[in-house]
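S.K.: Dumping the structure here so I can ask a few things about it.
The values are calculated or read from the model by the stated rules, or taken from the named source; none is laboratory data. Since we're looking at a predicted model, the values are computed, not measured. We place every Cβ from the backbone using ideal geometry, glycine too, and count neighbours over all the protein chains shown.
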Amino acid sequence: MVKLPEHRGKQLFRKYSIPLPPGEVAASAEQAERLVREGRVPLPCVIKAQVLAGGRGKGGAVRFAATAEEVRHAAEAILGREFQGEKVRQVLLEQKLELRQEFYVSVTLDRSRRQPLLMASAAGGVEIESVPDEKIRRIAIDPTVGLVGYQKRAVAKALGLSAGPARSLEGVLDGLWRIFDEEDAELVEINPLAWVGDGLVALDAKVIIEDDALFRHPEHRTLHGDLTPLEAKAREKDIAFVEIGGDIGVIANGAGITMATLDVLSQEGGRPGVFLDLGGTDDPKKVAEAFLLMSEARPKVVFINIFGGVTRCDTVARGLIEAMRISPPQFPLVARIRGNNEREGVSLLREAGVNSFTDLAQAARRVVELEQAPQPPPGIRPVPAGGPVAAPEAR
Amino acid sequence: MSVLVGPDTRVLVQGITGHQGTNHTRNMKQFGTEVVSGVTPGKGGSVVEGVPVFDSVEEATQATQPNAACLFVPAPFAKDALIETVDAGIPLAVIVTEHIPFHDMLSMLSYARAHGARIIGPNCPGVATPGPERGAKVGIIPNMIFRPGPVGVVSRSGTLTYEIVNGLTEAGLGESTCIGLGGDPVPGTTFVEALEMFREDPQTKAVVLVGEIGGPAEEEAAEYIARSFHKPVVAYIAGRSAPPGKRMGHAGAIISRGRGTAESKVEALTRAGARVARFPYEIPALVQEVLKGAGSR
């Protein structure tokens, strides 16, 4: 998922005619001050860090200023600071408006009904999760028909709006739906949507674009949302790679089997840290790439768990061995393979010096032992740990 | 007996001339499936694995009367291919392709429903029914893991499903039909719909349900089981150790805003009377247990 920073989301809002406060982006305190002095952002104004994390208000990443001087101080205080691990490189300056009320509106996917869902609430400006169900109006949208008039009127009524503000709301909802639909969004959320004068204005913008639709939206390709640097690198190589913070690396083929592997390792007391999904591949070059990526994550041990279904286990084993030749792994390796020709696969791996098992629980225990073993001194290449290489009950 | 596919299934393969399309056409035929035609625009007139290739689904349908389609079409063209399948009157489409935008899938699903067609997938291994003489398979599930038996399998996973089916077979149990629903956020067929089919199938005496974190599908299945499914269910949920907010390899496998956790699913299924395995390898023994007790239910 590609989360757009607020100002990028607001560029989309502008494109789809959703009203915004007058505002500009600045990358330095001097630039921020100049934008205000030149009258491009009217005072008083709000200065907001352009980071993806939530809770900016409480975290001091949103500030208010009444003079150009204060704007510079506020921008200085925010820019360059780390906010939940993310460095602030830009601030958004916007005029601070007198508002009558704050609303919540969003369009997202309802996985239960398998339809788009419009949500609206008169209790805006707070996390929607904290709003009781009866205060949220939910409207299912037929994706082939789109948002229709009566649905917009129903939302206006639920929010207690009529006349000018109701017409303004209908325009906002049209924009919201069109962004969801035409920009392939997973979520388009305005919270708060403020009632200002005779109309409505979007004070915040949360837009998440769907990864799988990026081929239609190359302009968002450079944004990695909240991927870690390694995850972003893996994505460029088309490898599914996820970091979750422990010290065991897991390489498996398929998302379900990967999750099951993490569960078994956790049960055995291990701390899985990264996982890499090989998918259906048995191409040694791709496996070698996987080893290289894994090395960068510096795992204490790597567990390869493969079910050889379409690809036979001996082919999988040969692929692994070839990959080890191309890119010798810089970590101890434990393998567990099951499926078609598993006996041959296990013995091939044993000959290559890899701890190999067919039993998942046994293999997981060996992995956790290696994780908890004292680390070898630097300079010594950790080879697959010694002892007789177990390959129990291979068929 | 079986659900969705059986001896009278006649498969059309869309994207048959691609690497995957060709290999899996061969595998489907080896399983015993009648693959009657293939479609690749511009490649009409050729023959792949003994199967005649046509330029369009309409031509293939007129010539070979398929009643199921298997789609190996790249994601950007999958919507087009599915609509073509539905318009030709083919009632079942298995979409193997992954990375189809869910926005496309929303309209594909809506279109299929309006025309009375069923989609399995996308991003799924498909459907397989092993047979005493010949089996029938639409998709990419490995052939070697099956034997005919009383267990219906329905799953959001791919490889994990193979491993579980293999375990059932090794334990001497065997399967009626295995349905891989796929790991995407908008599946064409849900657990509840699969359970509805297994309910009507006399061969299926017990169901293994393999779920994962993310989305409400397992909780909805639990509600359905409690309300109207009276065959025993053994369930497994992958992703208990998954941190919130991380997409665990499948587009649909994400705990978002605190919803879709493994705990919630395990609890709902347990409350509904399903036996929930902690690990995949516990499943065969649990199935043996519930089958023994099934007579008394």
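S.K.: In the set B:Thr204, B:Thr270, which member is among the hydroxyl-bearing types (Ser, Thr, Tyr), in the same structural domain as B:Gly149 (by TED's automatic domain parsing), modelled with pLDDT of 95 or more and in a loop (DSSP other than H, G, I, E, B)?
M.R.: From the options B:Thr204, B:Thr270, the qualifying one is B:Thr204.
S.K.: OK, next. Being among the hydroxyl-bearing types (Ser, Thr, Tyr) and either part of a helix (DSSP H, G or I) or closer than 19 Å to B:Pro132 by Cα (or both) is the filter here; which residues of the stretch B:1-60 pass it?
M.R.: Hits for the stretch B:1-60 are B:Ser2, B:Thr9, B:Thr22, B:Thr25, B:Thr33.
S.K.: I've got another one for you. Taking A:Arg89 as the residue in question, decide whether it is within 14 Å of another protein chain (Cβ to nearest Cβ) and either out of contact with any Phe, Trp or Tyr (no Cβ under 8 Å at 6 or more places or on another chain) or buried (at least 16 other Cβ atoms within 10 Å of the Cβ) (or both). It would help to see each step written out before you state the result.
M.R.: Numbers: within 14 Å of another protein chain (Cβ to nearest Cβ): no; either out of contact with any Phe, Trp or Tyr (no Cβ under 8 Å at 6 or more places or on another chain) or buried (at least 16 other Cβ atoms within 10 Å of the Cβ) (or both): yes.
It is false that A:Arg89 is within 14 Å of another protein chain (Cβ to nearest Cβ) and either out of contact with any Phe, Trp or Tyr (no Cβ under 8 Å at 6 or more places or on another chain) or buried (at least 16 other Cβ atoms within 10 Å of the Cβ) (or both).
S.K.: So which of A:Gly171, A:Gly80 ends up being at positive phi, in contact with a strand residue (DSSP E or B) (Cβ under 9 Å, 6 or more places away or on another chain) and away from chain B (no Cβ under 12 Å)? Show your work before the answer.
M.R.: Numbers: A:Gly171 fails: at positive phi.
Answer to the selection: A:Gly80.
S.K.: Could you grab the pairs with beta carbons closer than 8 Å, sequence gap of 6+ or different chains, first residue in the stretch B:240-267 and at the interface with chain A (Cβ under 7 Å from one of its Cβ atoms) and free of Cβ contacts under 8 Å to residues at least 40 places away in the same chain, second one polar (S, T, N, Q) and surrounded by fewer than 22 Cβ atoms within 10 Å (Cβ to Cβ)?
M.R.: B:Arg240/A:Ser266; B:Ser241/A:Ser266
S.K.: Select from the stretch A:114-137 the residues that are modelled with pLDDT of 95 or more and within 20 Å of B:Gly214 (Cβ to Cβ) and write down the one among them that is nearest to the other protein chains (Cβ to nearest Cβ).
M.R.: Filtering the stretch A:114-137 for residues that are modelled with pLDDT of 95 or more and within 20 Å of B:Gly214 (Cβ to Cβ), the one nearest to the other protein chains (Cβ to nearest Cβ) comes out as A:Arg114.
S.K.: Would a scan of the stretch A:276-287 turn up a residue that is more than 14 Å from chain B (Cβ to nearest Cβ) and without any contact (Cβ under 8 Å) to a residue 40 or more places away in the chain? So that I can check it myself, show each step before the final result.
M.R.: First, pick out the residues of the stretch A:276-287 that are more than 14 Å from chain B (Cβ to nearest Cβ): A:284-287.
The next check asks that each one be without any contact (Cβ under 8 Å) to a residue 40 or more places away in the chain; those that pass are A:287.
Yes, the stretch A:276-287 has at least one match.
S.K.: Being in a helix (DSSP H, G or I) and either out of contact with any strand residue (DSSP E or B) (no Cβ under 9 Å at 6 or more places or on another chain) or farther than 24 Å from B:Pro101 by Cβ (or both) is the filter here; which residues of the stretch A:185-212 pass it? Outline the logic, then answer.
M.R.: Restricting attention to the stretch A:185-212, the residues satisfying the condition of being in a helix (DSSP H, G or I) are A:211-212.
Passing the criteria: only A:Asp212.
S.K.: Okay, next question. Return the pairs, sorted by first residue and then second, in which the second residue is assigned to a loop (DSSP other than H, G, I, E, B) and polar (S, T, N, Q), the first residue lies in the stretch A:326-354 and is farther than 17 Å from A:Asn253 by Cα and touching a residue at least 40 places away in the same chain (Cβ under 8 Å), the beta carbons are less than 6 Å apart, and the residues are 6+ apart or on different chains.
M.R.: So the pair list comes out empty.
S.K.: Do you know which of the residues in the stretch B:9-53 that are out of contact with any strand residue (DSSP E or B) (no Cβ under 7 Å at 6 or more places or on another chain) and closer than 14 Å to B:Gly126 by Cβ is surrounded by the most Cβ atoms within 10 Å (Cβ to Cβ)?
M.R.: B:His24
S.K.: I've got another one for you. Looking only at the stretch A:315-348, which residues are in contact with a Cys (Cβ under 9 Å, 6 or more places away or on another chain) and on the phi < 0 side of the Ramachandran plot? Spell out the reasoning first.
M.R.: Just the residues of the stretch A:315-348 that are in contact with a Cys (Cβ under 9 Å, 6 or more places away or on another chain), to begin with: A:337-346, A:348.
Result: A:Ile337, A:Arg338, A:Asn340, A:Glu342, A:Arg343, A:Glu344, A:Gly345, A:Val346, A:Leu348.
S.K.: Which one of B:Gly182, B:Gly158, B:Gly188, B:Gly211 is within 11 Å of chain A (Cβ to nearest Cβ), in contact with an Asp or Glu (Cβ under 6 Å, 6 or more places away or on another chain) and crowded, with 24+ Cβ neighbours inside 10 Å? Before you say what the answer is, go through the steps one by one.
M.R.: Values: B:Gly182 fails: in contact with an Asp or Glu (Cβ under 6 Å, 6 or more places away or on another chain); B:Gly158 fails: in contact with an Asp or Glu (Cβ under 6 Å, 6 or more places away or on another chain); B:Gly188 fails: in contact with an Asp or Glu (Cβ under 6 Å, 6 or more places away or on another chain).
Among B:Gly182, B:Gly158, B:Gly188, B:Gly211, only B:Gly211 is within 11 Å of chain A (Cβ to nearest Cβ), in contact with an Asp or Glu (Cβ under 6 Å, 6 or more places away or on another chain) and crowded, with 24+ Cβ neighbours inside 10 Å.
S.K.: In this structure, does A:Phe215 turn out to be modelled with pLDDT under 90 and within 14 Å of another protein chain (Cβ to nearest Cβ)?
M.R.: Working: modelled with pLDDT under 90: no; within 14 Å of another protein chain (Cβ to nearest Cβ): yes.
No: the conditions fail for A:Phe215.
S.K.: Let me ask something else. So which residues in the stretch A:228-249 are touching an Asp or Glu at 6+ places or on another chain (Cβ under 6 Å) and within 7 Å of chain B (Cβ to nearest Cβ), if there are any at all?
M.R.: If the condition is that a residue be touching an Asp or Glu at 6+ places or on another chain (Cβ under 6 Å) and within 7 Å of chain B (Cβ to nearest Cβ), then A:Ala240 is the only one that fits.
S.K.: Criterion first (in contact (Cβ under 8 Å) with a residue 12 or more places away in the chain, at the interface with another protein chain (Cβ under 9 Å from one of its Cβ atoms) and not basic (Lys, Arg)) does B:Ala217 satisfy it?
M.R.: Values: in contact (Cβ under 8 Å) with a residue 12 or more places away in the chain: yes; at the interface with another protein chain (Cβ under 9 Å from one of its Cβ atoms): yes; not basic (Lys, Arg): yes.
Criteria met by B:Ala217.
S.K.: Is it true that some residue in the stretch A:256-271 is touching a Gly at 6+ places or on another chain (Cβ under 8 Å), surrounded by 16 or more Cβ atoms within 10 Å (Cβ to Cβ), assigned by TED's automatic domain parsing to the domain that holds A:Pro332 and among the hydroxyl-bearing types (Ser, Thr, Tyr)?
M.R.: Checked the stretch A:256-271: at least one residue is touching a Gly at 6+ places or on another chain (Cβ under 8 Å), surrounded by 16 or more Cβ atoms within 10 Å (Cβ to Cβ), assigned by TED's automatic domain parsing to the domain that holds A:Pro332 and among the hydroxyl-bearing types (Ser, Thr, Tyr).
S.K.: Can you say whether A:Val172 is over 33 Å from the mean Cα position of the chain (by Cα) and either in contact (Cβ under 8 Å) with a residue 12 or more places away in the chain or over 28 Å from B:His103 (Cα atoms) (or both), as far as the supplied structure shows? Explain how you work it out, then say what you get.
M.R.: Working: over 33 Å from the mean Cα position of the chain (by Cα): no; either in contact (Cβ under 8 Å) with a residue 12 or more places away in the chain or over 28 Å from B:His103 (Cα atoms) (or both): yes.
No.
S.K.: Tally time: how many residues in the stretch A:85-115 are over 26 Å from A:Glu30 (Cβ atoms) and not in a strand (DSSP E or B)?
M.R.: Taking the stretch A:85-115 and keeping what is over 26 Å from A:Glu30 (Cβ atoms), we get A:85, A:98-115.
Next cut, not in a strand (DSSP E or B) only: A:85, A:98-100, A:111-114.
So the count comes out to 8.
S.K.: Pick from A:Ala120, A:Ala75: which is outside any strand (DSSP E or B), touching a residue at least 24 places away in the same chain (Cβ under 8 Å) and closer than 21 Å to A:Lys10 by Cα? I'd like the intermediate steps shown before the answer.
M.R.: Working: A:Ala120 fails: outside any strand (DSSP E or B).
Every option except A:Ala75 fails the conditions.
S.K.: Another question, then. Failed condition for A:Thr108, given (1) without any contact (Cβ under 8 Å) to a residue 60 or more places away in the chain; (2) within 14 Å of chain B (Cβ to nearest Cβ), with all others met?
M.R.: Only one criterion in (1) without any contact (Cβ under 8 Å) to a residue 60 or more places away in the chain; (2) within 14 Å of chain B (Cβ to nearest Cβ) is unmet by A:Thr108, namely (1).
S.K.: So is A:Ala252 closer than 19 Å to B:Arg247 by Cβ and either facing another protein chain (nearest Cβ under 10 Å) or modelled with pLDDT of 95 or more (or both) or not?
M.R.: When the stated conditions are applied, A:Ala252 passes them.
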